[in-house]
Amino acid sequence: MPTRAEIVTFDDSPPPPGADAWVSKKARKIGVVLTAPDPAWPRAYETLAARIREALGWRVLQIQHTGSTSVPGLAAKPIIDIDLTVADPSREQDYVPALEEAGFRLVIREPWWYAHRALAADEPRCTVHVFGFDSPEPIRHRMFRDWLRGNPDDRDLYAAAKRAAAAAANASGEHVMQYNARKEQVIRDIYQRAFAAAGLLDGNGD
C-alpha cells in the first residue's frame, strides 16, 4: 500500500527519451469538448463496471468511478473515467485480452509512471485507467472526487479552470494531455486542501 509520503507527493518525472505513451497515434485526438453535467453518467459507469467485472472476474481488485463525470454539478468531457486496480499492470496478458473481447482497446502505456495503462471504449465512451495496488493514484483520485463533491467552491473553481484550459487547448490545436497540463496547477492547489483536511500533511510518518 502507498505510504502517506507517496500519496501527497506527485511524480512529475518526464518519460524516458524517445518514449511515447500513446499506443496508437490514432488515439491522440485533437480538441477538448466539455458538456453540462449529465445525471446519466453514474448509470453509465455502473454499466461499464459490470462489463469489466464480467470480463476480469476476481482479477478486479478495486474499481471506482473517478474524474469529472463522478462529481454532480461539474461540467466534463462526456467520457466516463474509471480507475481499475489489478495485481500487476505490467502483465497486460492478465487483463488486456479479456477487456479487448469486452469491447475495450489499449490506448496508453506508461510503464515509467506507476505502470499506468489506459483502455478506451465506446457506447458509452470511457477511459479505464489501470494501476497496481501499490499506486497512490487511485487514492488521490478518490480524495479529489470526494473533496469536490463536498466543497462546491472548489468544484466551481475547478470548473472554471477546465473551461479556460479547454478554450486555450482548442485554440492551440492541442490534445487531451496538453489540456490536462493547463489545469494542473489548480488541481494541485485543490489537492493540498484535501490532503490537509485529511491530516495527511501532519507530521512526516509513513
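How far apart, in nanometres, would the label points at Arg43 and Glu123 be if each is projected 7 angstrom from Cα along the Cα-to-Cβ direction?
If labels sit at Arg43 and Glu123, their model points lie 1.8 nm apart.
Once the piece of chain linking Asp94 and Ala164 is laid out straight, how much longer is it, given 0.36 nm per residue of separation minus the C-alpha distance between them?
Between Asp94 and Ala164, full extension yields an extra 21.2 nm.
At a 1.4 Å probe, what is the % contribution of carbon and sulfur to the accessible area of the stretch 1-127?
So the carbon and sulfur contribution to the accessible surface is 56 percent.
Using 0.36 nm per residue of separation minus the Cα-Cα distance, give me the extension gain between Arg105 and Phe133 in nm, one decimal.
Extending this stretch completely gives an extra 7.9 nm.
So for the pair Arg193, Trp22, with labels modelled 7 Å out along Cα→Cβ, what separation do we get in nm?
Computed distance between label sites Arg193 and Trp22 equals 3.4 nm.
State, as an integer percentage, the relative contact order of the stretch 1-125 based on alpha-carbon contacts under 8 Å between residues 6 or more apart.
Once divided by the residue count of the stretch 1-125, the mean separation gives 25 percent.
Using a ≥ b ≥ c from the Cα gyration tensor of the stretch 47-182 (square roots of the eigenvalues), is it rounded, prolate or oblate, where a/c under 1.5 gives rounded and otherwise the larger of a/b and b/c decides, a/b for prolate?
Cα axes put the stretch 47-182 in the prolate bin.
Kindly provide the trypsin sites (Lys or Arg not before Pro) of the stretch 32-92 that DSSP labels as loop, not H, G, I, E or B, and whose Cβ sees at most 15 other Cβ atoms within 10 Å.
When the trypsin sites (Lys or Arg not before Pro) of the stretch 32-92 are filtered for loop state and at most 15 Cβ neighbours within 10 Å, Arg91 remain.
Determine the shape class of the stretch 15-105: with a ≥ b ≥ c the square roots of the Cα gyration tensor eigenvalues, call it rounded for a/c under 1.5, and otherwise prolate if a/b is greater than b/c, oblate otherwise.
Oblate.
Treat each spin label as a single point 7 Å out from the Cα along the C-beta direction, and report the Thr3 to Asp146 distance in nm.
Calculated label separation equals 2.3 nm.
How much of the DSSP bridge set in the chain is antiparallel, in percent, rounded to the nearest 5?
70
Per residue, how much accessible area does the chain have with a 1.4 Å probe, in Å²?
In whole numbers, the chain has 51 Å² accessible per residue.
Dipole of the chain, Cα-centred, from +1 at each Lys and Arg C-beta and -1 at each Asp and Glu C-beta, to the nearest 20 debye?
For the chain, the charge dipole is close to 580 debye.
What 222 nm value per residue comes from the helices of the chain, counting each DSSP H run with n ≥ 4 as -39,500 (n - 2.57) and dividing by all residues, nearest 500 deg cm²/dmol?
Per the formula, -12500 deg cm²/dmol.
The values are calculated or read from the model by the stated rules, or taken from the named source; none is laboratory data. Just so we're clear, the structure is a prediction, and the values are computed from it rather than from any experiment. So basically every Cβ, Gly included, is an ideal-geometry build from the backbone, and we count neighbours across all protein chains shown. We work out accessible area using only protein heavy atoms, side chains counted, and drop any ligands, DNA or RNA first. Shrake-Rupley method; radii C 1.70, N 1.55, O 1.52, S 1.80 Å.
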